[in-house]
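To keep things clear, I will list the structure first and then write my remarks on it.
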Amino acid sequence: MNQNSFKPYVESELPAGFKYPDSYLKLSKNLEVLRSIHYFPWWFSDAEKSLKEEMEIYYNLTGQKDLIEFARDGDWGAFFDANDHSGDPKVLVYDLGNRENHYEATDFDSWLNFVIKKNN
């Protein structure tokens, strides 16, 4: 992984009530912690396009509304559930080429730990 940081969407662009997990925001500033991991295939997404447009694109690909993409691994996309206002939203992971192939994680930390264990 040669990515050093990534840029989440600013609060004003997020759906009302949605909050990123603290651990995700902390990781966005410094990915150094992931450098010690043997293999990490995911690339964290930068908020470069309109969130509304992104949500529409991913709705068309997944059939699931209100997804906030935060990472990609080839055809796989990891998303926060924008309707979860807990501050620690569940994560939905979709094979963007086959919407029937997907899984969920209870939160960002669970997803990150799963991905690390699976790939090392």
Quiz item: Considering only the range 49-72, how many residues are open to solvent by 70 Å² or more (accessible area, probe 1.4 Å), in contact with a strand residue (DSSP E or B) (Cβ under 8 Å, 6 or more places away or on another chain) and either β-branched (Val, Ile, Thr) or on the phi > 0 side of the Ramachandran plot (or both)?
Solution: 0
Quiz item: Among the residues of the range 94-120, which ones are part of a strand (DSSP E or B) and either buried (at least 19 other Cβ atoms within 10 Å of the Cβ) or modelled with pLDDT under 95 (or both)?
Solution: TYR94
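Given the condition aromatic (Phe, Trp, Tyr), open to solvent by 100 Å² or more (accessible area, probe 1.4 Å), under 15 Å from the mean Cα position of the chain (by Cα) and farther than 22 Å from ASP88 by Cβ, answer yes or no: does some residue in the range 24-42 qualify?
Looking through the range 24-42, none of the residues is aromatic (Phe, Trp, Tyr), open to solvent by 100 Å² or more (accessible area, probe 1.4 Å), under 15 Å from the mean Cα position of the chain (by Cα) and farther than 22 Å from ASP88 by Cβ.
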Quiz prompt | Of residues in the range 4-61 being in a loop (DSSP other than H, G, I, E, B) and of a type in the set (Asp, Glu), the one nearest to ASP81 (Cα to Cα) | solution = ASP46
Self-check item: Scan of the range 73-93 for residues that are part of a loop (DSSP other than H, G, I, E, B), within 18 Å of PRO8 (Cα to Cα) and either open to solvent by 70 Å² or more (accessible area, probe 1.4 Å) or not charged (D, E, K, R) (or both), ordered by number
Solution: ALA82, ASN83, HIS85, SER86, GLY87, PRO89
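The values are calculated or read from the model by the stated rules, or taken from the named source; none is laboratory data. Quick caveat, the model's predicted, so the values are computed rather than measured. Don't worry about glycine lacking a Cβ; one is built from the backbone with ideal geometry, like all the others, and counts go over all protein chains shown. Note: accessible area is taken over every heavy atom of the protein model, side chains too, but ligands, DNA and RNA are not part of it. Shrake-Rupley method; radii C 1.70, N 1.55, O 1.52, S 1.80 Å.
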